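Asker: There's a structure below that I have some questions on.
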Amino acid sequence: WLKNNFIKTDNHHNEELNNRIEFIKSGNTIDENEFEDIIDYVLGEEDNSLRNLCLLDSRTNRSYKNDSFKEKRKKIIEIEIKGTFIPICTKNVFMKYYSANVKDIEVWNENDRTSYFEKIQKIINQYLPQMTLAENE
């Protein structure tokens with residue numbers, strides 16, 4: 001899981017945990033509690049706000065579990081190649097179509113979330129100009 005999901009970013013400043021990750025990646029084992037701490041560190045805080053959500057069929061969504069953006073993107077591409085319908089906005093999220101400044105295609109960062117949310121607001125305002133979305137909706 002770590003080999004496929006951990007990409008050191010600006011959010012990963014804890015050198016001790018970075019060293020533990022390298023320790024695990026080289027084949028060593030740790031206890032379950034320590035691994036839970038590392039999962040939280042790698043994935044960051046769970047963000048269920050609108051700026052971090054997109055539509056998926058239930059089978060695809062269940063298959064994700066705790067995968068990183070990189071792994072989810074890879075799966076989206078694979079299932080689309082096999083003929084599974086991916087809603088256009090979902091595909092656009094994983095291709096970073098809405099992102100104003102793409103620095104890393106494998107990480108969904110704050111800039112990506114903000115750009116995506118702004119696009120959602122712009123489109124909704126075309127149809128419901130009197131509404132304003134809050135980020136936590």
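The values are calculated or read from the model by the stated rules, or taken from the named source; none is laboratory data. Since the structure is predicted, the reported quantities are computational estimates derived from the model, not experimental observations. Reconstructed Cβ throughout: ideal geometry from the backbone, glycine too, with neighbour counts over all protein chains shown.
Asker: Among the residues of region 104-117 satisfying the criterion of being part of a helix (DSSP H, G or I) and touching a Phe, Trp or Tyr at 6+ places or on another chain (Cβ under 8 Å), which is surrounded by the fewest Cβ atoms within 10 Å (Cβ to Cβ)?
Answerer: If we take residues in region 104-117 being part of a helix (DSSP H, G or I) and touching a Phe, Trp or Tyr at 6+ places or on another chain (Cβ under 8 Å), then SER115 is surrounded by the fewest Cβ atoms within 10 Å (Cβ to Cβ).
Asker: Would a scan of region 122-137 turn up a residue that is at pLDDT 80 or above and either aliphatic (A, V, I, L, M) or under 16 Å from the mean Cα position of the chain (by Cα) (or both)?
Answerer: Among the residues of region 122-137, at least one is at pLDDT 80 or above and either aliphatic (A, V, I, L, M) or under 16 Å from the mean Cα position of the chain (by Cα) (or both), which makes the answer yes.
Asker: Still on this model: Kindly establish whether LYS96 is modelled with pLDDT of 85 or more, in contact with an Asp or Glu (Cβ under 7 Å, 6 or more places away or on another chain) and either exposed (fewer than 11 other Cβ atoms within 10 Å of the Cβ) or basic (Lys, Arg) (or both).
Answerer: Yes, satisfied.
Asker: Do we have ILE105 as closer than 29 Å to ILE79 by Cβ and at pLDDT 85 or above here?
Answerer: Yes, satisfied.
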